[in-house]
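Here the structure is laid out as structure tokens; the discussion comes afterwards.
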Amino acid sequence: MSQDVAAVVLAAGKGTRFRSDTAKVLHRAAGRTLLGHILGALEPLGLGQVVVVVGHQAEEVAAEADRHGIEGLSTVLQAEQLGTGHAVQQALPALQDGIRRVLIVYGDTPLVTASTLSDLLTASQDSAAALLSAHAADPHGYGRVVRDDDGRVARIVEHGDATPEQRRIDEINAGMYAVDRGWLERSLGGAGTDNAQGEVYLTDIVEHLVAAGERVAASVVDEAEIAGVNDRAQLAEAGAGLRRRHLHGLMVEQGVTVVDPATTYVDVDVEVERDAVLLPGTILEGRTVVGERARVGPDTHLTDCEVGPDATVHSTRGVEATIGAEAQVGPFTHLRVGTRLGPRTKAGAYVETKGSTIGAGSKVPHLAYVGDATIGEGVNLACGVVTVNYDGRDKYRTVVEDGAFVGCDTMLVAPVSVGEGAYVAAGSTITDDVPAGALGIARARQTNKEGWAERRRER
Ligand code: UD1
Ligand code: CA
């Protein structure tokens, strides 16, 4: 059914009201660009074709559209942004032969869902076109849906062109339409720029269709789904709405405990599994995945991290790090890019890791820096251990093999290795490899000066 439908996504505008050097549709909310959200809603529909109209920062916007890997997606250029109708005119020549209906959406309505768009397609089946509308508490700025005496859709009037009386209409145009291809082509052929902005309004096709005796159906949905993002305040509101919806799904559908949704920020692409607990002050971004029964937070910020089942992560910052099953992390731990903590590991307070693998059951409980290291299984890196991985010019690796014990306040000057089951005495600065089973000790021997304190007092 959907193979004869093409989506046209309007994403050429600058977004003047954003006051930004970046095109509006590239701004992010809840972990995706605005364009990414609308493409995410289109993807499950399995449409025959998706055409994204680009203009302002065309290259970057086209690259972002391609990044989502949607089948049948192409871009067309609207070199000058002469309005939403003009944008659709640019897309028409790109439509393939088999396309019968066109689903038009704007790139700045990130909250709409796939099921609402699917309902819109269904609503359009018996008429030339259907549009989405909503009754808004504050309709300011939106186009209004004007109905005739019988309640049928008559036309859309933009806020800027509306009479004071029309501005009192609370039914707003969402900017999403399903239109018969033939009617769309005929109607846009005659569309002009007779309006406040001097643009070709896509919304004028409604009046054309009605004048030609056609019916335009309206699918009225909840206003929360169709909010348009025109400035930064609306961007923040949309982000909050997207996160609220995602958290609700995690709680109600996945069985995740979220102690305080108001202080828990979870991007829409983050996955959290059953019986996990998210404590207040948790921020989960990007492609982060949290496994079953894991406990994350309070005050934990993870970006593109993987947290294994039954792990606990407390007051921690992590970026592109993997935390194994039953691992214990925090408080005040910084897991930098390329950290791989194995199962049942411990990375404790004031520990920083980077580019390092820490094997199953190994512990780094306090005040340590582990960078560019391969740490085996069952290793103990005691308080204050530092991998000295940088000589001011190049980075080197440290290897600590299974079962080794590295005492407190040890400097491991890389490249260096500590063999299986070896010990390193506290306070050592290790510059040579320690063989398996050996004790490495590298510090000045202590001397005690008997009676020294008394002699000092006498002086
Ligand atoms: C539009 C609708 C309005 C509706 C509102 C819903 C028109 C004339 N008005 O107003 O009825 O209530 O959306 O959010 O359609 N774009 C282009 N090329 C252009 C102009 C715009 O691609 O030449 C794109 C923009 O990038 C944006 C989208 O179209 O993604 C909508 O444009 P915008 O200027 O935000 O329209 P609104 O004033 O919000
Ligand atoms: Ca808009």
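General remarks:
- Unit charges on C-beta of K, R, D, E only; dipole of the chain, Debye: 1960
- Charge dipole (debye, nearest 20) of the stretch 390-436; +1 at Cβ of Lys and Arg, -1 at Cβ of Asp and Glu: 180
- Where Rh is the Kirkwood radius over Cα pairs, Rg/Rh for the stretch 155-270: 1.11
- Taking the DSSP beta bridges with both ends in the chain, the antiparallel portion is around 15 percent.
- Classified by the C-alpha gyration tensor, the stretch 2-226 has a rounded form. Its axis ratio a/c, with a ≥ b ≥ c, is below 1.5.
- Taking 0.36 nm per residue of sequence separation and removing the Cα-Cα distance, the residue 152/residue 251 pair yields an extension gain of 31.6 nm.
- Percent of Cα-Cα distances greater than 27 Å, calculated over the chain: 63
- Sequence-separation-based contact order of the stretch 2-226, relative, with Cα cut under 8 Å and 6+ spacing, percent: 23
- Per-selection Kirkwood Rh - the stretch 290-374 (Cα, Å, 1 d.p.): 11.8
- Candidates per trypsin sites (Lys or Arg not before Pro) in the stretch 88-188, loop by DSSP, up to 16 other Cβ within 10 Å: 100, 152, 168
- Binning the C-alpha pair distances of the stretch 120-181 at 5 Å intervals from 0 yields a P(r) profile of 4, 19, 26, 24, 15, 9, 3 %, listed from the shortest bin outward.
- Principal axis dimensions, the stretch 256-440 - Cα atoms, whole angstrom, descending: 52, 32, 21
- Normalised by the number of residues in the chain, the average gap of Cα pairs under 8 Å and 6 or more apart makes the relative contact order 8 percent.
Computed from the coordinates by the stated procedures, all read-outs in this text should not be read as laboratory data. The model shown is predicted, which means the values in this text are computed figures rather than measured ones. Neighbour counts are summed over all protein chains in view; Cβ atoms, including those assigned to glycine, are modelled from backbone coordinates with ideal geometry.
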